[in-house]
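Notes follow once the structure below has been shown.
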Amino acid sequence: MVERSESTAGRPSASHTPPAQPGDGVWGRSPHGVVDERAAIAPQGWRAAPPGWTVEHVAETGSTNADLLATADSRPDRSVLVADHQTAGRGRLDRRWDAPAGANLLVSLLFHTVPDDPGELTRRVGVAAVDACRESAGVVATLKWPNDVLVGDRKLAGILAERSATGSVVVGLGLNVRWAPDGAARLGPSVAPLDVLHALLAAYDRLPVDITARYRQELATLGRRVRIELAAGSLDGTATDVDPDGRLVVLDACAITHRVDVGDVVHVR
């Protein structure tokens with residue numbers, strides 16, 4: 001079953017009921033695309049999407065990232081696909097991401113408007129996720145470079161961005177809401193995943209034009225001793241800063257500064 005809600009700024013003001021348009025908050029049932037069924041039932045607890053977002057809900061899919069990449073050209077900018085359960089969810093380095101159905105937030109966001117630095121979209125989603133955790137659950141979360149959300153030193157969420165053949169970017173987020181694997185964090189058993197999604201989309205829209213200062217503020221990696229696993233080996237040092245393009249600045253034991261754009265980070269105690 002597919003359920004879809006659309007919301008963009010501005011709505012028709014005519015007194016008669018017009019055909020459904022983006023902004024009408026339509027829910028439909030179809031393999032993909034809107035069906036004009038105003039009586040269709042939205043997921044329990046869901047509110048209208050914030051203006052400018054098109055949200056589609058499915059009970060189960062293989063991967064929300066893969067689905068958006070496959071249908072990107074037929075969807076509007078800022079389309080969102082959220083699933084109760086994923087059978088092939090994955091993170092960086094093809095790590096599996098699995099959770100009980102309906103327990104966590106499993107969502108992907110599609111962007112046709114891509115900045116010169118596509119990685120900015122990942123950083124924006126990360127900061128918005130941190131804000132959403134605070135607003136929807138009162139949980140103080142932070143970011144771990146390059147793409148994890150933490151509570152303390154425990155992982156709360158992972159982010160994976162992928163680019164379509166035509167240049168659009170899909171940013172996927174798997175966030176532990178009601179369930180977490182051993183050693184990981186969650187928001188809490190009374191928090192609704194769709195409430196977190198609504199807060200995330202609203203928080204994204206409140207972010208400043210220049211995200212650098214906010215990203216730096218939320219990045220728990222800064223000031224920490226780190227070990228970074230790279231394709232050619234590992235780098236040990238202290239994370240001192242992050243560049244506007246998202247590269248992590250690391251000072252090693254020989255006082256040599258490295259700028260890292262890709263790597264797997266371990267916070268060293």
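Taking other C-beta atoms within 10 Å as the exposure proxy, 251, 235, 81 rank 251, 235, 81 from fewest upward.
Between residue 266 and residue 217, the simple spin-label model (points 7 angstrom out along Cα→Cβ) gives 3.3 nm.
The Cα-based radius of gyration of segment 225-268, divided by its Kirkwood radius, gives an Rg/Rh of 0.92. State, to one decimal in nm, how far the label point of residue 207 lies from the label point of residue 236, with both points 7 Å from Cα in the Cβ direction. Label-label distance for residue 207 and residue 236, simple model: 3.4 nm.
Using θ = phi - 60° in the Karplus curve 6.51 cos²θ - 1.76 cosθ + 1.60, the 3J(HN,Hα) couplings for segment 185-191 round to 10, 9, 7, x, x, 9, 8 Hz; x is entered for Gly and Pro. Counting neighbouring beta carbons within 10 Å and listing from fewest to most, the residues 162, 60 come out as 60, 162. Count Lys and Arg as plus one, Asp and Glu as minus one, and take only other residues whose Cβ is under 12 Å from that of residue 268; the net charge is then +2.
Rule-based calculations on the coordinates, nothing more; no lab input. It should be emphasised that the depicted structure is a prediction, and the values quoted were computed from it without experimental measurement. Ideal geometry is used to build each Cβ from the backbone, glycine not excepted, and the neighbour counts take in all protein chains shown.
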